[in-house]
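The values are calculated or read from the model by the stated rules, or taken from the named source; none is laboratory data. Quick caveat, the model's predicted, so the values are computed rather than measured. Here the Cβ positions follow ideal geometry from the backbone for every residue, glycine too, while neighbour counts run over all protein chains shown.
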Amino acid sequence: MNVREATVDDGPVVRSIAVRSMEASYSLSPGTIENAIRQWYGVDGFAEKLEDDDTLVLLAELEGEPVAFSESVIAGDRGDIHWLHVAAMYRGEGIGQELYETTRDRLEDAGAETIRGLVLADNSEGNRFWEAQGLMKIGKGSVEIDGTAFVENVYVDQESIDLEPIVVDDRELYVDRSDADRGSDDDFYTVYVDEARETQYGYYCGACDSLVTSMDAMGRLECEECNNARKPTRWDAAYM
């Protein structure tokens, strides 16, 4: 199998793989899938992704035929794998595994010390995939797909998990530096009440070191102190 960086000319085949993968993995309506694909992989949107220095899109080819792709974002010393789609007819052949390993290598070459995988909570195959790679679920988030909010699970390398204790109003809380989402000015980090990560307290704003304890139904965050903001920017991939 050959893995290479995608080009603008790969837009049609990337959209085709994403459609077939989504149809095989979710009970979403054809209209929802079509709208999501158009939003994220339309001609202009796809070109913008490829021009973004922090975004990595890799295309896997089997005997010259594109069969899978991954999309990742590099945020400082962390690499987030947002998408890993394998066309339904090529699943079960180890393509997803090999693409993941190549994607991980490329992210680490780019400076990523922590690798995260994100997947919708109801994608049982995707969750099993990350567990099989040795990643551990550390929290949940929310993503918007065609106007509807869905819960996503966040997985991370177990060896890179790091909690930072903080004290707020005489109460000890724990900031998870491995579980972060990019904001307009800096990252938001998940904050837990306990070291076991069983109860989430809110978020920690990396821009001004303030706590954010509210999120709207679509997963939007905004720090009242410095206006650092996070808005949902992706929808989930199907992993195989």
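Kindly provide the set of residues from the stretch 131-146 that are more than 12 Å from the chain's Cα centre (by Cα), at negative phi and not small (Gly, Ala, Ser), ordered by number.
Selection gives GLU131, GLN133, LEU135, MET136, LYS137, ILE138, GLU144, ILE145.
Taking the stretch 41-73, which residues are among the acidic types (Asp, Glu) and crowded, with 21+ Cβ neighbours inside 10 Å? Walk me through it before giving the result.
Restricting attention to the stretch 41-73, the residues satisfying the condition of being among the acidic types (Asp, Glu) are 44, 48, 51-54, 61, 63, 65, 71.
Residue satisfying the conditions is GLU71 alone.
Those residues that are touching a Ser or Thr at 6+ places or on another chain (Cβ under 7 Å) and over 17 Å from THR55 (Cβ atoms), I need them from the stretch 80-99; list them, please.
Going through the stretch 80-99, the residues touching a Ser or Thr at 6+ places or on another chain (Cβ under 7 Å) turn out to be 80-88, 99.
Listed by number, the residues that qualify are VAL86, ALA87, ALA88.
Would you mind telling me which numbered condition in (1) closer than 16 Å to ARG4 by Cα; (2) β-branched (Val, Ile, Thr); (3) crowded, with 19+ Cβ neighbours inside 10 Å THR102 fails?
Result: THR102 passes all but (3).
Please name all residue pairs, on different chains or six or more residues apart, with Cβ atoms under 9 Å, provided the first residue is in the stretch 118-143 and is in contact (Cβ under 8 Å) with a residue 12 or more places away in the chain and within 13 Å of ASP181 (Cβ to Cβ) and the second residue is exposed (fewer than 14 other Cβ atoms within 10 Å of the Cβ) and of a type in the set (Val, Ile, Thr).
That search, which allows pairs on different chains as well, returns LYS140/VAL151; GLY141/VAL151; SER142/VAL151; VAL143/VAL151; VAL143/THR233.
Taking the residues in the stretch 1-20 that are within 25 Å of ASN127 (Cα to Cα) and not in a helix (DSSP H, G or I) as candidates, determine which candidate is modelled with the highest pLDDT.
Ranking the candidates gives VAL3 first.
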